[in-house]
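Heads up: the structure comes next, in structure tokens.
The values are calculated or read from the model by the stated rules, or taken from the named source; none is laboratory data. Just so it is clear, the model here is predicted, and its values are computed rather than measured. Note that each Cβ is placed from the backbone with ideal geometry, even for glycine, and that neighbours are counted across all protein chains shown.
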Amino acid sequence: MSQAKKTAGQGAQLLTDVGPVIAFILVYNVGRRLVDDQAIYWATGVFMVGVVFALAYAAIVQKRFPPMLVVSAVIVTAFGGMTIYLQDPIFVYIKPTIINLLYSFVILGCFAFGFNVWKALFGSVFNLPDRIWWILGVRWALFFQFLALFNEFLWRHINDSVVVESARWFDSLSWSEGFWANGKLAIMALTFGFALANIPILLRHQIEDDSANADAASASDSP
């Protein structure tokens, strides 16, 4: 595969991962100016369509079914549907918490049965020792728990929606629903930063493909 095709494929994968979130933020912010309190429902609907479209794109064009995207699509459509049908945004507030905790518990739960799901997901991209796959799995499981906690901290202090004061962790803190919605940008930045922080361990422990090295050596020796 050429470098150009590989780069294009990575760009398309990034778009399917973050595209729905960006669409949610844009529609919400525009919607607040046009439909006020109904913006959360319009943004949720667009987010649902975006996730389903991303899954369809991955399946049809990229010929893959990303497990994490499949799980997200199921939860997003379920909680998003309840949000719109019941006209209660609380479901969309807690959705990120549910998704991140599920990711974390699946990773840690698979460890209990001697299976490293993180290696199963990314083993085709990186060739690493089992110890490093275990470290990466634990790191991401803990990071997903942090994201769940961060989302709980954000939505519980919304002061212009259905969130009751008793749900707050700190009485002195309060912010708008828009602050929570735009907080997804911070979560995206945190996730990107965490992924970058793990690059050194990937590069340091990457195992070279012996067969590829042997082919390269034989090619250089041939007249």
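Results, tabulated for the structure shown:
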{"item": "Residues located in the range 46-74, provided they are more than 18 Å from the chain's Cα centre (by Cα) and either under 30 Å from Asp160 (Cβ atoms) or surrounded by 14 or more Cβ atoms within 10 Å (Cβ to Cβ) (or both)", "result": "none"}
{"item": "Contacts under 7 angstrom Cβ, first residue in the range 120-134 being more than 11 Å from Ile207 (Cβ to Cβ), partner β-branched (Val, Ile, Thr), 6 or more apart", "result": "none"}
{"item": "Residue pairs meeting the criteria (Cβ under 6 Å; at least 6 apart or on separate chains; first closer than 16 Å to Ile90 by Cβ, in the range 34-48; second not in a helix (DSSP H, G or I))", "result": "Ile40/Pro89"}
{"item": "Phe126 aromatic (Phe, Trp, Tyr) and surrounded by fewer than 14 Cβ atoms within 10 Å (Cβ to Cβ)", "result": "no"}
{"item": "Close pairs from the range 150-163: first in contact (Cβ under 8 Å) with a residue 24 or more places away in the chain and within 15 Å of Thr97 (Cα to Cα), partner among the aromatic types (Phe, Trp, Tyr) and not in a helix (DSSP H, G or I), Cβ under 9 Å, at least 6 apart", "result": "Glu152/Trp169; Leu154/Trp175"}
{"item": "Scan of the range 154-163 for residues that are surrounded by 15 or more Cβ atoms within 10 Å (Cβ to Cβ) and of a type outside the set (Gly, Ala, Ser), ordered by number", "result": "Leu154, Trp155, Arg156, His157, Ile158, Val163"}
{"item": "Among (1) surrounded by fewer than 19 Cβ atoms within 10 Å (Cβ to Cβ); (2) among the aromatic types (Phe, Trp, Tyr); (3) touching a helix residue (DSSP H, G or I) at 6+ places or on another chain (Cβ under 8 Å), the one test that Tyr93 misses", "result": "(1)"}
{"item": "1 or more residues under 14 Å from Thr44 (Cα atoms): qualifying helices (runs of 4 or more DSSP H) within the range 60-151", "result": "67-86, 90-112"}
{"item": "Pairs where the first residue, in the range 170-197, is on the phi > 0 side of the Ramachandran plot and the second is assigned to a helix (DSSP H, G or I) and modelled with pLDDT under 95, C-beta under 8 Å, 6+ apart", "result": "none"}
{"item": "Residue among Arg64, Arg33 that is at pLDDT 90 or above and either charged (D, E, K, R) or in contact with a Cys (Cβ under 9 Å, 6 or more places away or on another chain) (or both)", "result": "Arg33"}
{"item": "Residue among Phe65, Phe113 that alone is of a type in the set (Phe, Trp, Tyr) and outside the structural domain of Gly50 (by TED's automatic domain parsing)", "result": "Phe113"}
{"item": "Single condition Ser218 does not satisfy, out of (1) under 26 Å from the mean Cα position of the chain (by Cα); (2) of a type in the set (Gly, Ala, Ser); (3) modelled with pLDDT under 90", "result": "(1)"}
{"item": "Every residue from the range 152-181 that is assigned to a helix (DSSP H, G or I) and not aromatic (Phe, Trp, Tyr)", "result": "Glu152, Leu154, Glu165, Ser166, Ala167, Glu177, Gly178, Ala181"}
{"item": "Search result, residues across the range 77-119 that are free of Cβ contacts under 8 Å to residues at least 40 places away in the same chain and more than 20 Å from the chain's Cα centre (by Cα)", "result": "Met82, Tyr85, Leu86, Phe111, Ala112, Phe113, Gly114, Phe115"}
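Results for (1) in contact with a Ser or Thr (Cβ under 8 Å, 6 or more places away or on another chain); (2) among the polar types (S, T, N, Q); (3) closer than 15 Å to Leu147 by Cα, shown as yes or no for each residue.
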residue	(1), (2), (3)
Ala56	no, no, no
Ala59	no, no, no
Lys63	no, no, no
Val76	no, no, no
Gly80	yes, no, no
Ile84	yes, no, no
Asn100	no, yes, yes
Phe105	no, no, yes
Leu108	no, no, no
